[in-house]
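What follows is a set of notes on a single structure, which appears directly below.
Read-outs: derived from the displayed coordinates by stated rules, not from any lab. In this text, all values refer to a predicted model and were calculated from it rather than measured experimentally. Here Cβ is always computed from backbone atoms with ideal geometry, including for glycine, and neighbour counts include all displayed protein chains.
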Amino acid sequence: MIDRELKRSLGHMIKGVQVVGAHHDGVSRLYTSHWVSQIAFDEPILMASVSPKHDTYPLMIESGVFSVSILAADQIMAGQYFSYPGRKFRYVADDLVAHDDEGLPYVPDSIAYLRCEIFNRTPASGPIDHDLFFATVTTVREGRLEAPPLLYSARHGWRVTGDNAREKGVSIRDQLLERVAQLDPETEHSTVEIAGTENTNTENTNTENTNTE
């Protein structure tokens, strides 16, 4: 069990919201997640953390494929609907689900839809209660790319992507380089090196409960 104080801090880790879907043998299931991440620069590799308790889980295992729908901020109904097992709402929102040519379910009108083929899985064990699915994105369908993404954190709930954190026309990198330029050459070697043109790793690309997984 996570300590209460630690849980309060972890609750501030806000992330984008996705809906993960799978299909096998005539059955389709989806769940809301914010535990899907891009984990490589050079290859389109995603990792999805999935609870074996989800009814989507066995379909992912059997089919070896899953979809990821990146939700826009105005799709909170889809995010909330798929945060619970479909039986809770008696599957009343069929309009929130579409299927591709293979029958793979996804959320229509989302920012983008990704088809992912699983190439590895790390089963849950010990204190880890979720499986980690590693998958290659094989298909992307762009949707409303200009729409702001839907965000979620346990502490703040559902949120909309807001204003830029950096003032327009201001280069934080240049400010850091100015500090470097002011250093005494004799002590400069002991400072932390600033990577030349490498971008900070902030690339962004869960819930049958807003465990949001």
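When each of the peptides 170-177, 132-139, 66-73, 19-26 is scored by how many other beta carbons lie within 10 Å of its residues on average, the order from highest to lowest is 66-73, 19-26, 132-139, 170-177.
The HN-Hα couplings worked out from phi for region 166-175 by the Karplus form 6.51 cos²θ - 1.76 cosθ + 1.60 (θ = phi - 60°) are 9, 5, 4, x, 9, 9, 5, 4, 5, 5 Hz, whole numbers, x standing for Gly and Pro. Applying both filters, DSSP loop and at most 12 other Cβ atoms within 10 Å, to the chymotrypsin sites (Phe, Trp or Tyr not before Pro) of region 1-59 gives 41. Residues whose amide H falls under 5 Å from that of residue 161, counting only those 5 or more places apart or on a different chain, are 151, with hydrogens built in the peptide plane. Phi-derived couplings, Karplus 6.51 cos²θ - 1.76 cosθ + 1.60 at θ = phi - 60°, listed residue by residue for region 98-112: 10, 10, 7, 4, 8, x, 6, x, 8, 9, x, 6, 7, 5, 6 Hz, with x used for Gly and Pro.
How would you classify region 4-163 from its alpha-carbon gyration tensor, with a ≥ b ≥ c the square roots of the eigenvalues: rounded for a/c under 1.5, else prolate if a/b is greater than b/c, otherwise oblate? Rounded is the answer for region 4-163, as its axis ratio a/c remains below 1.5. Using a simple spin-label model with pseudo-atoms 7 Å out from Cα toward Cβ, residue 100 and residue 161 lie 2.1 nm apart. For region 4-163, a simple Cβ point-charge model (Lys and Arg +1, Asp and Glu -1, everything else neutral) yields a dipole of about 880 debye relative to the Cα centre.
Selection among 54, 20, 133 by position relative to the dipole of region 4-163 gives 54 as farthest towards the positive end (Cβ unit charges, Cα centre).
Annotation for residue 42 and residue 74: the two label points, set 7 Å from Cα along the Cα-Cβ direction, are 4.1 nm apart. Near the amide H of residue 139, within less than 5 Å, lie the amide hydrogens of 115, all on another chain or at least 5 residues away, with H placed in the peptide plane. So, in Å, what gap is there between the alpha-carbon centers of region 101-141 and region 20-56? Going from one Cα centre to the other spans 3 Å.
By the rule of a C-alpha distance below 29 Å, with chain neighbours fewer than 8 residues away ignored, the lysines paired with residue 7 are 15, 53, 88.
Sparsely packed loop sites in region 112-165 (the trypsin sites (Lys or Arg not before Pro) outside DSSP H, G, I, E and B with at most 15 other Cβ atoms within 10 Å) comprise 144, 155.
At an R0 of 45 angstrom, the distance between the Cβ atoms of residue 88 and residue 117 translates into a FRET efficiency of 0.90.
In this simple spin-label model, placing a label point 7 Å from the Cα along the Cα-to-Cβ direction at both residue 62 and residue 125 gives a separation of 2.6 nm.
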